[in-house]
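Since every read-out is calculated from the coordinates, none of them should be taken as a lab result. This is a predicted model, so every value here is computed, not measured. Cβ sites come from the backbone with ideal geometry, for glycine too, and all protein chains shown count toward neighbours.
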């Protein structure tokens, strides 16, 4: 479990137990507003908060009735292999019930909490109850190579059968010692490649004692490195699943061949500085002065493999070399449970929507949950509510956009997982474009550091303000539309007027962003006058302010009645085309733009009449 669990407390009677559980897990307490005091963060609606946490992949420990948690997550249940643990504890702490994710951390959490509370873990999964072990959830440092066979093997054992543990790594598999002995189930423990049969009573476990160190020239073909690695693994008789990670010099953090290899093998990538690799020089079999002159250490692949395996690790064979790549295998004395080296820095550019948490995508919530540091305009971070608790915050004012993006990139360049928080969609009039512009600039053009250029950058889509406004209105974007920013701080005024005239002549529905500010008061009026030259005076206009927030305000106007003074920077202005309608329907006014289906239907009927 990479994400820290959250302890939920819904009532005052559960506060003491919630505090104890939080101390046991070193986790935060999220409390229900108005009912709980002393929590780390608060939420207004229990079911919605449970869904938000669950969608973000956050393990949930609820000090509350189990039914509340069940109702909260029920709409989101889909794949038990990827869903986070969910546990329920009554207010008196008398028992700990893992509801979901038993074999993905929930049972382990239940036992840990129960031991700390001196209570009972109500584990119900058959393997844990009858055998004391879950074969599909091996301990850290071990991996099951054929998980599809686990169910059949467990059933054979539960029906009275026994297991025979064999293989050259059987002596390290002490966690299997309490299984009943017999011949019904074969459990093979080895680092070696082993043919996996379709027999549901044979399980293959690999202790992850091996490390893979790699190095390559810039822009090495990914296929070249992959072929070299697989050759080395085959000749060393090491199964890919026995590898704990891929290790290399930090200068190679953005090397396509290395990244593709990590993706292909499904392994974490860890990085060492040149100084850290140079410390491994006495243990290298092939130190190179040429490599030292190039990158500052006497060996990349061998040094990285040894650094990953630890002080008592050894090289598992010779270094392999191709025209542009090298690789080496390290072997640790025991299964590796903690990764050495630094992770590659990551910057997630996240659009959280207009503000309403139910409009935030599960991907955005998950990236926020994973992040160590949140960067953004303070109001946008505040909109995350309890999801932001416990994370380092770096708030920037409006107008500090370039400083904001540069800071986020440089923090990620230090190996951190950073989230850049934007409202709406981060790629629409927000920080996404500026991040990539900074990465594309040369150092002479005030770009970012080389370390920042090597980070992983992920963009998560969000509900844009124009989408939120359109949903509130009805369907004003039902036909061709465009978005125009009326801010001339970054765009020449002449360009804005040119785009306004083109959009007016093209009869697009238009979403105006940044319509006015305290200093910019004229362009919206000019836009209105330009549009009136091409569409009727009664064209519907929607003014949507503070969408998705408690102070949300929706108003409709005729185009000729649009006034600058009733618009501010938090308002999206949607102007209909000449075909847009504002209809008084059952639930109030609804703005929509016909697509033309009526004309098609009329045409079809005419053809039938003519026939």
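Reported to the nearest whole Å, the Cα centre-to-centre distance from the range 495-523 to the range 252-327 is 55. On a per residue basis, the convex hull of the C-alpha atoms belonging to the range 217-342 measures out at 95 Å³. Taking other C-beta atoms within 10 Å as the exposure proxy, 175, 142 rank 175, 142 from fewest upward.
Test of understanding: what is the full-extension gain from residue 549 to residue 234, defined as 0.36 nm times their sequence separation minus their Cα-Cα distance?
Values: separation 315, 0.36 × 315 = 113.40 nm, distance 5.84 nm.
Between residue 549 and residue 234, full extension yields 107.6 nm more.
If the segment from residue 122 to residue 288 were pulled out straight at 0.36 nm per residue, it would be longer than the present Cα-Cα gap by 54.0 nm. Computed with the Debye formula from one identical point scatterer per Cα of the range 1-63, without solvent, the log10 of I(q)/I(0) at q = 0.13 Å⁻¹ comes to -0.28. The listed peptides 81-93, 460-472, 299-311, ordered by packing as a protection proxy, come out as 299-311, 460-472, 81-93 (highest mean of other Cβ atoms within 10 Å first). By definition, a body whose alpha carbon gyration tensor gives a ≥ b ≥ c is oblate when a/c is 1.5 or more and a/b is not larger than b/c, and the range 466-592 fits this oblate description.
Taking each DSSP H run with n ≥ 4 as -39500 (n - 2.57) and averaging over every residue of the chain yields -9000 deg cm²/dmol at 222 nm. Neighbour counting of Cβ atoms within 10 Å sorts the residues 442, 423, 580, fewest neighbours leading, into 442, 423, 580.
With both residues required to sit in the chain, DSSP beta bridges show an antiparallel share near 40%. FRET efficiency for the pair residue 529 and residue 175, taken as 1/(1 + (r/R0)^6) with r the Cβ-Cβ distance and R0 = 56 Å, rounds to 0.15. The calculated FRET efficiency for residue 223 paired with residue 140, based on their beta-carbon distance and R0 = 22 Å, is about 0.10. Each label was represented as a point 7 Å from its Cα along the Cα-to-Cβ direction; for residue 311 and residue 394 these points are 3.4 nm apart. Listing 205, 396 from fewest to most neighbouring C-beta atoms within 10 Å gives 396, 205.
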